[in-house]
Amino acid sequence: MIKFTFPLVIFLITYGCESFVEKSGSSLSYVNDEDISNIDNISFLSNGVKNDYSRAHGYVSLWADLLSDALVNDGKVQGSTDVRGEYLDNGYYDPTVGSYAGPYQAVAQSWRSAKSLKDKLDDLYADPTENKDAYHLAYLYQGLSCYLLGTYFGRGPSYPTEGGATLNESPFIPTSDLYTMALSYFDSASVYAGEYDLRVINSLIGRLHLYSQNYTLATTHALMGLQENDIPLEALPGLEDPWPNWYWYEAGNNRTRYTLDSRFKLILGEDFSDDNQNGTWDVDETFYDCAISGYDVGEGDGMYNPPDQPEEASRLSVSIASMAPETGYVRYFQTKYPDADTPIPIINWQENHLMLAELSIRGENAGISATDAINAVRAAYGISPLSETNLEVLIQERDKELFCQGQRLIDQNRFSETLDWHLIDSDTWHYLPIPYEEELANPNYP
């Protein structure tokens, strides 16, 4: 359930063809320079970059879903004792409650690791083309880190119209500037990219322009983006010093600290005993009343709710959570990520198709109709095609396809004036807050 009002976020970006050219400096990574002083150890540092970004991406995505109407923090779910999660779920932020710096620090570490790799490559190679893969990776993950900061974080001078954050003890950087930095890093990465990697980069650039309402540029890049059946770019845990999948860790099989908003289960229908095995619920059969209303704790409605879209079970993977004794309803948690090392998509062809669908709806020449683009995504799961579509259908498809990927908060910001999100009035956060202590220590913060 969503508990706060979102503005329509408008980002203005100026982006040229120039690439980042950075001077070499001392390593800012957790790896000492002497430990990576030769070419043979570049692969070790490259794996560290991937692992640091995996941690940051999952951490930020999980908290963003908790701020949105994707995840809830219900104290009646066993294992859900988390005051911080309760505050975030309600859309409130109090810097005196717990520690909120984790995701922000993880993103900063991800950027520093990628920059350290790039600096080390400059020290070791006179010709950057001698290790194109490592240069590509270094620029790509610096860009992704800036994307996370610009998309999800805020408390700056223009908040809530625009987000932003500090980076590496810098003055406050607004979202528009962080997006410009991300685009320039992606441009630099493209110099060293292969054919598939170029499609990934174009999808990432298309997404940034879409979020910035630069629809013509978004179309240009999405058309050159990931194609049907391309493999996804993923946040990959399980490298050196591995971090687990955060959804598994705190909102899945490991621990159900956070559970799903009830609407996902209602799409699939509430569970029932089916004593006579006729496949339908009968009034004398027991059912699990899924929580569909209320604020934090929630409550069932006392009636059996049949499935709205039973086919969606192929892409909405859920499981029942253990509840406190005598609770009259149940919650469900995601099993999209069943294991600690299940990767989280960063960008995939399905999202690129949904971008093309949205751009088509907005009047751009996306090379494919919105209905065809959406149906291609649905077909990948064996879900029946739609006969027509519109912006509301597109938003619903994004909600289901990008399930537990941290995208819901972004869409609720983008489409806040399009649909009725059943909001309540409150003085709430539209982004993850940058750490309170960081603000106080920063002389450039207003």
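In table form, for the structure just shown:
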read-out: Interchain or long-range residues, amide H under 5 Å from Ile347's placed H; value: Leu233
read-out: Ala165 long-range amide H proximity, modeled H, under 5 Å; value: Ile173
read-out: DSSP-assigned coil residues among trypsin sites (Lys or Arg not before Pro) in segment 250-312, each with at most 16 further Cβ atoms within 10 Å; value: Arg255
read-out: Accessible-area order (highest first, 1.4 angstrom probe) of the listed residues Val393, Val72; value: Val393, Val72
read-out: Karplus-derived HN-Hα couplings along segment 392-406 (A = 6.51, B = -1.76, C = 1.60, θ = phi - 60°), whole Hz, x at Gly and Pro; value: 5, 4, 4, 5, 5, 5, 4, 4, 7, 6, 9, 3, 6, 10, x
read-out: Leu260 long-range amide H proximity, modeled H, under 5 Å; value: Val72, Tyr332, Phe333, Gln334
read-out: Ordering of 82-88, 50-56, 311-317 by packing [mean C-beta count within 10 Å, highest first]; value: 50-56, 82-88, 311-317
read-out: Selection from Thr335, Asn365, Pro310, by position along the positive dipole direction of segment 274-373 (Cβ); value: Asn365
read-out: Segment 178-313, accessible area per residue, ligands and nucleic acids excluded (1.4 Å, Å²); value: 44
read-out: Residues Ser369 and Val283, FRET efficiency given R0 of 35 Å [Cβ-Cβ distance, rounded to 0.05]; value: 0.20
read-out: Loop GluC sites (Glu not before Pro), segment 150-221 (other Cβ atoms within 10 Å of the site Cβ: 15 or fewer; DSSP); value: Glu169
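The values are calculated or read from the model by the stated rules, or taken from the named source; none is laboratory data. Just so we're clear, the structure is a prediction, and the values are computed from it rather than from any experiment. Reconstructed Cβ throughout: ideal geometry from the backbone, glycine too, with neighbour counts over all protein chains shown. Ligands, DNA and RNA are excluded from the accessible area calculation, which covers all protein heavy atoms including side chains. Shrake-Rupley method; radii C 1.70, N 1.55, O 1.52, S 1.80 Å.
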